[in-house]
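Notes for the one structure printed next.
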Amino acid sequence: MHLIVGLGNIGEQYQLTRHNVGFLVIDEITKSLQSSNINKSNFKADVLKAGYNLYVKPTTYMNNSGQAVVAIKDYYKIDMEDIIVIHDDLDLPFGTVKFKVGGGHGGHNGLRSLDSHIGKDYIRVRIGIGKPEDKSQVANYVLSNFSKEELNKLEGIITHTIKAIEALKSEEIDEVKSKFTLK
């Protein structure tokens with residue numbers, strides 16, 4: 001079983017923000033799946049089950065995402081190598097898609113929460129959102145909406161990311177990196 005987690009914040013005001021790119025990918029994946037909702041209050045997440053996959057959007061807000069993921073991971077006894085986390089990455093230019101296992105959180109509070117609850121050895125799908133010129137504006141930047149130009153490009157980026165996630169379910173990460181890294 002794979003646990004595919006999109007990081008983001010709940011609430012309509014955050015729907016199209018840069019920080020919610022993980023949620024946007026999960027929303028697009030699950031649109032066309034035959035799935036069922038799993039309602040367990042201790043999960044603190046929206047969870048859809050489709051085949052042997054769980055698609056998760058934590059409802060804890062970004063900074064506490066680890067609480068939701070650890071509850072689901074432990075309940076279903078999911079191995080670390082079967083956890084795929086999709087998140088925004090300030091250190092990558094907009095539109096870049098990269099993959100890795102482990103590593104630091106790079107100041108990303110959602111990853112910091114995951115690392116403290118489940119460890120670091122999960123698969124990361126990093127989607128570049130760029131960064132503001134003024135580093136003091138990072139919080140405002142990640143919580144701002146994508147520009148119209150970015151939104152036009154985002155559909156293709158999400159489609160590409162979904163293909164990569166499908167490949168990650170059955171292929172080694174190095175193979176996926178060589179096929180699906182977008183720069």
Eligible lysines near residue 31 by straight Cα distance, threshold 24 Å, same-chain separation 8 or greater: 40, 44, 49, 57, 73, 98, 148, 153, 163, 169
For the chain, longest principal axis from Cα atoms; helix 109-118 axis from its Cα atoms; angle between them, nearest 10 degrees, is 20
Quick calc, residue 77 & residue 143: beta-carbon distance into FRET formula, R0 45 Å, rounding 0.05, result 0.80
Pseudo-spin-label distance residue 174 to residue 31, built 7 Å along Cα→Cβ, given in nm, is 3.6
Given that compact globular proteins tend to follow 2.2 N^0.38 Å, what is the ratio of the alpha-carbon Rg of the chain to that value? 0.95
Taking R0 as 22 Å, what's the FRET efficiency between residue 135 and residue 61 from their Cβ-Cβ distance, rounded to 0.05? 0.45
Summing -39500 (n - 2.57) over the DSSP H runs of n ≥ 4 in the chain and dividing by its residue number, what mean residue ellipticity at 222 nm do you reach, to the nearest 500 deg cm²/dmol? -11000 deg cm²/dmol
Post the alpha-carbon centroid distance, segment 113-153 to segment 19-36, in whole angstrom. 17
For the chain, take the longest principal axis of its alpha carbons; what is the angle in degrees between that and the long axis of helix 148-168, to the nearest 10 within 0 to 90? 30
Taking the 0 to 90 degree range and rounding to the nearest ten, how far is the long axis of helix 21-31 tilted relative to the main principal axis of the chain, both from C-alpha atoms? 50
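No lab work stands behind these numbers, since they all come straight from the coordinates. This one's a predicted model, so the numbers in the text were calculated from it and none came from an experiment. Counting neighbours? That spans all protein chains shown, and the Cβs are built from the backbone with ideal geometry, glycine included.
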